[in-house]
Structures are given as structure tokens and as C-alpha cells.
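Worksheet for the structure shown next.
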Amino acid sequence: MRAFSGGIVVWSSARVRVWELIHPEMRERLRSARREYDNLINGFWLPDSQHVAALMEIRGVRVEHNTEFVMDERLTHHTQSWTLQRMSRGPGYELDDSTRILYQYQYFPQLLGQGTVLYTLDTGARQHNHEFRQMGANDRLGRVNTRVKVPGLMAFIPGVESPISASADADGHGTAVMSCAIGRSLGIAAAATGYAVRVGGANPSSRINIDSVLRGVAAIYQHTQHTTPTTAAPVVLMAGHHGRRNVRPSEVLFHAFESLMHGANAIIVTSSGNEVEDACQHVPGGIPGVVTVGGSGRHDEFMTSGVGPCVSILGPARRAVVASLHDHRATRLMSGTSVAAAYAAGVILTALSENSPLRSVMRTSAQAEAWLRSTGWSGQVHDVPADTPNLLLRTIQRDN
């Protein structure tokens with residue numbers, strides 16, 4: 001099944017269930033068509049908009065059209081990646097463009113995200129890609145899980161090891177960003193566990209929209225409530241998917257992500273977008289405490305991306321090597337702030353590792369954002385707009 005496009009989301013911030021605010025006669029007409037979002041928000045989805053006018057007249061009831069999101073990253077041909085070296089060695093370290101040797105990435109083996117969990121709201125992930133092998137145990141597969149059930153979006157067969165096909169991600173974006181965050185050789189937190197929550201991209205007609213994201217957020221919320229909790233806060237990454245330009249930010253998504261932050265103590269990481277526009281106008285990027293990541297290039301130039309005070313930090317975002325769908329070991333190049341956001345999520349996961357002193361004190365998204373800002377390299381990126389923080393993402397060093 002695919003994510004529904006169109007329709008409307010009906011919701012309320014009132015304490016009374018939105019369903020109870022609607023006249024019984026109208027409730028009877030809507031009963032069979034509605035789909036609720038569990039306990040995440042006080043609302044439901046309807047497949048058509050014929051009742052918009054009547055619903056908007058009800059005091060306390062709010063209505064949003066189920067608009068689609070746009071994806072703005074691109075994939076090109078394979079080459080060597082410079083991004084991990086830049087984050088571990090700093091802006092002053094010269095990159096050698098004359099050779100095709102592997103760039104050097106410095107890291108601490110005990111701080112690779114052990115005992116941490118990443119959820120991605122994206123197009124799924126190819127869970128059997130070799131980037132998602134377990135650490136140790138003869139490099140067995142299985143570190144990325146696609147079993148978080150999102151009704152209508154992802155097949156789920158209880159007790160089956162691989163609930164969906166090996167190519168669960170038909171688009172490739174979700175696999176790419178997951179590999180930047182927790183990939184064994186391409187990512188930052190190589191020992192973290194990943195849950196790929198597919199909210200679109202299963203086929204060309206399956207679009208990411210408000211309803212599909214709401215169901216994905218609700219699935220994450222429910223999963224965090226019914227699984228054995230770790231002592232670390234879960235990290236949720238939504239990268240590369242934004243509302244259309246000149247469309248008012250979704251209030252219901254704002255409300256849903258806030259519920260996830262406060263109800264599940266989730267750390268939310270997102271990209272600022274690849275257009276020079278106010279990142280505060282994106283959801284979840286405009287929510288206080290969310291880690292919103294802009295982009296920089298290989299020569300520390302500011303890359304065209306979202307701007308403004310809601311941007312938390314900048315990260316490498318041009319021509320990064322990422323996992324591909326072609327086979328279990330294939331890679332491609334990817335550019336865009338999705339890459340930078342995925343790296344930021346990986347850095348946060350390493351800070352939450354089992355052996356990290358930050359694990360017990362970094363409990364909220366706002367605390368994670370403040371820590372990331374405090375550890376970034378300051379003033380190193382060229383041509384950053386005046387209202388945007390000039391901080392460059394860095395991996396964990398001995399002094400941070």
C-alpha cells in the first residue's frame with residue numbers, strides 16, 4: 001500500500017477529543033473514512049476535502065490540507081569522499097585532490113554510538129547493505145531494522161527476519177542518509193542501531209506528505225513506548241524533505257514533532273533545505289530545540305541552503321560518498337543538506353555512546369543542539385549570511 005496523497009488532516013490542541021467536538025450527525029458520515037494517529041496528536045485524516053467548510057466552522061477544530069513534500073538531493077557517480085576527514089581534522093587541514101587515496105578519518109572506537117538508536121523518517125533503507133553490518137560477531141548483517149510498523153506504508157510480517165524485500169528503499173534517499181549517520185565505513189556512529197521508518201518512496205506514486213509523516217512520527221512514538229528503553233535519548237532524523245515553497249508551515253506537524261520531543265524525549269535532527277530561504281519556515285526545523293543543519297563545501301564555502309537563526313550548525317554537504325541501491329556494496333555521490341544533517345545525527349549518537357560521559361546528561365533535543373553548537377569550529381566557513389551561525393560540525397575530539 002502507498003501513502004495517501006490529498007485529503008485533509010483534522011486536529012485540535014484542545015483537551016477534548018477533536019472527534020467529540022464534531023456534531024453527531026457529521027460524525028456518523030465521517031466515521032468509516034477517518035484514520036487516527038494513535039496518541040501522538042488529537043486528530044485524524046480524511047481522504048477528501050468536501051467537509052472542510054463545515055469542519056472549519058466548529059470552534060476548536062483545525063484543518064490542514066495534506067500537502068506533499070519535495071526532495072531536493074541528487075545522486076551522481078562514485079568517487080572518494082572528503083567529508084569524514086574534514087569533520088575529524090578541521091578546516092585547517094588541506095585536502096589532497098591530486099590522488100584517489102582514501103581520506104583519513106580519526107575517531108575513538110569506544111565512541112561509535114554503542115547502545116544508541118536512530119530513527120529515520122525517509123524512504124526506507126536497504127537493510128542488507130554491507131554498510132549496516134554489525135560491529136564484530138563476524139561482521140553479520142542486521143544493524144538496520146525496518147520493522148517499525150507504519151500502517152499503510154510498510155508491509156509487516158510478524159516473526160519473519162526480513163519483513164520486506166531487501167530493496168525496501170525504492171528511491172535510495174533513505175539508504176543514503178542512513179549510511180552517512182551510522183554506516184560502517186561511510187558514517188559516523190558505526191555501532192548504533194537504526195530503524196528505517198518509511199514514509200514514502202516505495203514506488204514512483206508514493207509521495208511523502210503531511211499524513212505519511214504524521215503516521216511515521218506516531219509509529220516512532222509508539223515504538224519508543226513499547227520497546228525496552230535504553231538510557232540514551234533516541235535520535236530522530238528527517239532530512240531532505242520539506243514543505244513546498246510559499247506554503248505555510250504545517251501547524252499539525254509542528255505539534256506532532258513537539259509531542260515526540262517531549263513525550264519520548266527524542267532528539268530531532270533535520271536539514272535546512274537547499275534553497276536560500278528562512279529555515280524557521282520549515283517543520284521541524286523551526287521548532288525550538290530541533291537540530292537544524294545547513295551545508296558547506298569541500299573548500300569550506302557556504303553551500304546554498306536554508307539560512308537564519310534556526311540553523312544550528314553547518315556540515316559537509318557536497319559530493320559525499322553514500323550507500324547505493326545497486327547492490328550490497330555499491331556507493332554513489334550525494335550532495336545536499338540531507339548529508340550534513342545525517343552526519344550531525346551521527347555525531348550526536350557518538351556523544352550518547354555507552355562509554356560517553358555525555359550519555360547521562362544529554363537528555364533533550366535542546367541540550368543536544370547546545371552541545372553541538374558549543375563544539376563546532378567557529379568562523380571557518382566563507383560567505384555565511386550574517387543571520388546564520390558560522391559553526392562547522394566536528395566529530396568528537398579529546399577536548400570536547
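The values are calculated or read from the model by the stated rules, or taken from the named source; none is laboratory data. The structure presented is a predicted model; accordingly, all values stated were derived computationally and were not measured. Glycine also receives a Cβ, built like all others from the backbone with ideal geometry; neighbour counts cover every protein chain displayed. Just so you know, the surface numbers come from the protein's heavy atoms only, side chains and all, with ligands and any DNA or RNA stripped out. Shrake-Rupley method; radii C 1.70, N 1.55, O 1.52, S 1.80 Å.
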**Residue check for residue 332: open to solvent by 10 Å² or more (accessible area, probe 1.4 Å) and part of a strand (DSSP E or B)** = yes
**Prompt:** Just checking, which of 369, 354 is under 24 Å from residue 179 (Cβ atoms) and open to solvent by 70 Å² or more (accessible area, probe 1.4 Å)?
**Reply:** 354
**Asked** What residue, among those in the range 283-316 that are free of Cβ contacts under 8 Å to residues at least 40 places away in the same chain and of a type in the set (A, V, I, L, M, F, W, C), is most open to solvent (accessible area, probe 1.4 Å)?
**Response** 310
**Request:** Would you mind telling me which numbered condition in (1) open to solvent by less than 50 Å² (accessible area, probe 1.4 Å); (2) touching an Asp or Glu at 6+ places or on another chain (Cβ under 6 Å) residue 380 fails?
**Result:** (1)
**Message:** Can you confirm whether residue 370 is without any contact (Cβ under 8 Å) to a residue 12 or more places away in the chain and assigned to a loop (DSSP other than H, G, I, E, B)?
**Reply:** no
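Going residue by residue through the range 15-38, is there one that turns out to be in contact with a Ser or Thr (Cβ under 6 Å, 6 or more places away or on another chain), on the phi < 0 side of the Ramachandran plot, open to solvent by 30 Å² or more (accessible area, probe 1.4 Å) and of a type outside the set (Ser, Thr, Tyr)? Walk me through it before giving the result.
Step one: of the range 15-38, the residues in contact with a Ser or Thr (Cβ under 6 Å, 6 or more places away or on another chain) are 18.
Still in the list and also on the phi < 0 side of the Ramachandran plot: 18.
Applying the additional criterion that residues be open to solvent by 30 Å² or more (accessible area, probe 1.4 Å) yields none.
No, every residue in the range 15-38 fails to be in contact with a Ser or Thr (Cβ under 6 Å, 6 or more places away or on another chain), on the phi < 0 side of the Ramachandran plot, open to solvent by 30 Å² or more (accessible area, probe 1.4 Å) and of a type outside the set (Ser, Thr, Tyr).
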**Subset of the range 383-399 that is among the aliphatic types (A, V, I, L, M) and open to solvent by less than 40 Å² (accessible area, probe 1.4 Å) - its residue that is farthest from residue 268 (Cα to Cα)** = 384
**Request:** Return the only residue of 256, 264, 279 being open to solvent by 10 Å² or more (accessible area, probe 1.4 Å), within 30 Å of residue 45 (Cα to Cα), at pLDDT 90 or above and of a type outside the set (Asp, Glu).
**Result:** 264
**Message:** I need the full set of residues from the range 357-366 which are open to solvent by 50 Å² or more (accessible area, probe 1.4 Å) and free of Cβ contacts under 8 Å to residues at least 60 places away in the same chain, in order please.
**Reply:** 357, 361
**Request:** Report yes if residue 326 is without any contact (Cβ under 8 Å) to a residue 12 or more places away in the chain and either crowded, with 22+ Cβ neighbours inside 10 Å or outside any loop (DSSP other than H, G, I, E, B) (or both), otherwise no.
**Result:** no
